[in-house]
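Colleague: Quick one: structure below, then a few questions.
Please treat every number below as a calculation from the coordinates, not as lab data. All values reported here derive from a predicted model rather than from experimental measurement. All Cβ positions, even for glycine, are placed from backbone atoms using ideal geometry, and neighbour counts span all protein chains on display.
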Amino acid sequence: MQKKTFSEIEKEYEFEIEKIVKTIKKQKARLVLLQFPEGMKPYSTIIADEIEKKTGCECLIWLGDCFGACDAPNVDELKPKVDLIVQFGHTENL
């Protein structure tokens, strides 16, 4: 299976990347944790690469389950501490 590009998967989903980039830059976040629902996890590294390219931050990908907005990861024990958590939803573009 050939790896899709960010432009290809952006046609399927609205990631609001520019909003995320703006927030990362505004908060001067250097370490960002990305959380994805199961259906989007195959694209997680592509999205992380795009965010890193546009911001210069480092992205970590949460591999635990994600079943909605109330399912935020407990990052209190992570070292180093993350500066920002971005949780992606699973609504496809129509």
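Colleague: Once phi is turned into ³J(HN,Hα) by the Karplus curve 6.51 cos²θ - 1.76 cosθ + 1.60 with θ = phi - 60°, what whole-Hz value does each residue of the range 20-27 show in order, with x for glycine and proline?
Modeller: 5, 4, 4, 5, 4, 5, 5, 8
Colleague: In terms of Cα to Cα distance under 22 Å, which lysines are near enough to K81, apart from those fewer than 8 places away along the same chain?
Modeller: Answer for K81, where 22 Å is the Cα cut-off: K22, K25, K26, K28, K53, K54, listed by chain and number.
Colleague: Which order do D49, D83 fall in if you start with the one that has the fewest other Cβ atoms within 10 Å? If you can, show how the numbers build up before the last one.
Modeller: Values: D49 12, D83 15.
By the 10 Å Cβ count, ascending: D49, D83.
Colleague: At 0.36 nm per residue, minus the direct Cα-Cα distance, what do R30 and E52 gain on full extension? Give it in nm, one decimal, please. Mind dumping the intermediate values first?
Modeller: Values: separation 22, 0.36 × 22 = 7.92 nm, distance 0.97 nm.
Net length gain for the segment: 7.0 nm.
Colleague: May I pose another question? When the Karplus curve 6.51 cos²θ - 1.76 cosθ + 1.60 is applied with θ = phi - 60°, which whole-Hz ³J(HN,Hα) does each residue of the range 4-15 get, with x for Gly and Pro?
Modeller: 6, 8, 4, 4, 5, 6, 5, 6, 8, 9, 9, 8
Colleague: Show the residues, 5+ positions off or on another chain, whose built amide H is closer than 5 Å to the amide H of I61.
Modeller: L34
Colleague: May I ask you to sort V86, V21 by Cβ crowding, counting other Cβ atoms within 10 Å and putting the fewest first?
Modeller: V21, V86
Colleague: Taking θ = phi - 60°, what integer Hz values does the Karplus form 6.51 cos²θ - 1.76 cosθ + 1.60 yield along the range 34-47, in sequence order, with x for Gly and Pro?
Modeller: Couplings: 9, 10, 10, x, 3, x, 9, 4, x, 9, 4, 5, 5, 5 Hz.
Colleague: Let me ask something else about it. Taking other Cβ within 10 Å of each residue's Cβ, how do K54, K3 sort, fewest first?
Modeller: K3, K54
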